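Contents: one structure, followed by commentary.
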Amino acid sequence: MTDSPLPISRRASFAVVASLISLLALLLAFPTLTAESQGLQFGTGWQGQAWNNLDFSGQPVHTLVIPAGLNFNWGLGSPDPTVNADNWSARFDSVQVLNQGTYEFITSYDDGVRVYIDNILVLDRFNGPPASDVRFQQTLTAGAHLFRVEFREFTDTA
């Protein structure tokens, strides 16, 4: 998620988070822990806010409660009529209780994304490239972890 808002046709930014959570939906632990084998649900209990700007300044114009995980495709629109179709940003937070292990995160996004775990920036693609898939691994201790996903939409599909 380059920095210039080019109206290049790109993959739907369900990206935000299609995978963003996949981020937590495809949260796979290695070598033997998986969400399925552990009976855990990942990516639940998300709360989000959206702004009519690209830098989260001022007050959010819309609040979202996302009980089932992050996976969106707003097409040429936005999460709500109060949110502009272009040049907007969103922030999503959730606390997930995990087993100790190394987890693989997968995110698809279009235009920019940042991922924080426990307030530590672990993925920074906020300035591009547009329409990309990223995989990364993170070793986590057992217990509760705060996940934050920040997304921004320049133009075209979201």
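The values are calculated or read from the model by the stated rules, or taken from the named source; none is laboratory data. Here the structure is a predicted model, which is why all the values come from computation and not from measurement. Counting neighbours? That spans all protein chains shown, and the Cβs are built from the backbone with ideal geometry, glycine included.
Some values worked out for this structure:
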| item | result |
| --- | --- |
| Residues of the range 126-149 classified as modelled with pLDDT under 90, on the phi < 0 side of the Ramachandran plot and of a type outside the set (Phe, Trp, Tyr), total | 7 |
| Filter pass, Ala35 being touching a Ser or Thr at 6+ places or on another chain (Cβ under 7 Å), at pLDDT below 90 and farther than 16 Å from Glu150 by Cα | no |
| Criterion: surrounded by 14 or more Cβ atoms within 10 Å (Cβ to Cβ) and either farther than 15 Å from Glu150 by Cα or modelled with pLDDT under 95 (or both) - qualifying residue of Leu98, Leu76 | Leu98 |
| Test result for Thr63, surrounded by fewer than 17 Cβ atoms within 10 Å (Cβ to Cβ) and either in a strand (DSSP E or B) or on the phi > 0 side of the Ramachandran plot (or both) | yes |
| Every residue from the range 137-158 that is hydrophobic (A, V, I, L, M, F, W, C) and under 29 Å from Leu76 (Cβ atoms) | Phe147, Val149, Phe151, Phe154, Ala158 |
| Strands (runs of 3 or more DSSP E) within the range 70-124 that include 1 or more residues within 18 Å of Gln59 (Cα to Cα) | 88-98 |
